[in-house]
Amino acid sequence: MNTVLIIKGKVPAKSSNRRIVWCWNKEKKIPRVISSESVLEYEKIFALQIPKHAKKNLGENSRLEVHIEVFTDSFRQDIDSFPKTILDNLQKCGVIKNDNKIDKLTVVRHKDTDCRVVINIGEL
């Protein structure tokens, strides 16, 4: 049985939305690279839209296939920037155990003013 999720909102590119902050390590300041505000905000929005019944830790005892359909208002963002953000959030929310359990991944992009992601997760 497949798990289908619809997540509203525009997916930010995780790789290009980073910022540097300075932290103290013992007695010296060191730079750290962290996610930008837009990525952190999307993570919150994403988590709020995951229904309780979908938090199954899929892939604990099996391999997975994931089909992602991204509906975005522009084609400027590279298609390969979407999966990392989405898969990391699925893992953080407990939908999948670990994204290294995914053996088949497909991503399709559509242009639409109603930004959203449709995710279909199944076991192989």
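The values are calculated or read from the model by the stated rules, or taken from the named source; none is laboratory data. Owing to the predicted nature of the structure, the values given are computational and were not obtained by experimental measurement. Glycine also receives a Cβ, built like all others from the backbone with ideal geometry; neighbour counts cover every protein chain displayed.
What the table shows:
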{"quantity": "Selection count where residues are surrounded by 12 or more Cβ atoms within 10 Å (Cβ to Cβ) and part of a loop (DSSP other than H, G, I, E, B), scope region 74-114", "calculated": "6"}
{"quantity": "Matching residues in region 33-52 - criterion: being at pLDDT 90 or above and touching a Ser or Thr at 6+ places or on another chain (Cβ under 9 Å)", "calculated": "42, 43, 46"}
{"quantity": "Count - residues of region 33-59 that are surrounded by 11 or more Cβ atoms within 10 Å (Cβ to Cβ) and either part of a strand (DSSP E or B) or in contact (Cβ under 8 Å) with a residue 24 or more places away in the chain (or both)", "calculated": "18"}
{"quantity": "Which listed residue is basic (Lys, Arg) and modelled with pLDDT under 95, from 104, 29, 111, 8", "calculated": "29"}
{"quantity": "Failed item in (1) exposed (fewer than 11 other Cβ atoms within 10 Å of the Cβ); (2) more than 13 Å from the chain's Cα centre (by Cα); (3) at pLDDT 90 or above; (4) not β-branched (Val, Ile, Thr), with residue 62 passing the rest", "calculated": "(1)"}
{"quantity": "Members of region 90-118 found to be closer than 11 Å to residue 11 by Cβ and touching a residue at least 60 places away in the same chain (Cβ under 8 Å), listed by number", "calculated": "115, 116, 117"}
{"quantity": "Residues located in region 60-73, provided they are under 21 Å from residue 40 (Cα atoms) and assigned to a loop (DSSP other than H, G, I, E, B)", "calculated": "73"}
{"quantity": "Given (1) more than 14 Å from residue 43 (Cβ to Cβ); (2) in contact with a Lys or Arg (Cβ under 7 Å, 6 or more places away or on another chain), number of the condition residue 99 does not satisfy", "calculated": "(2)"}
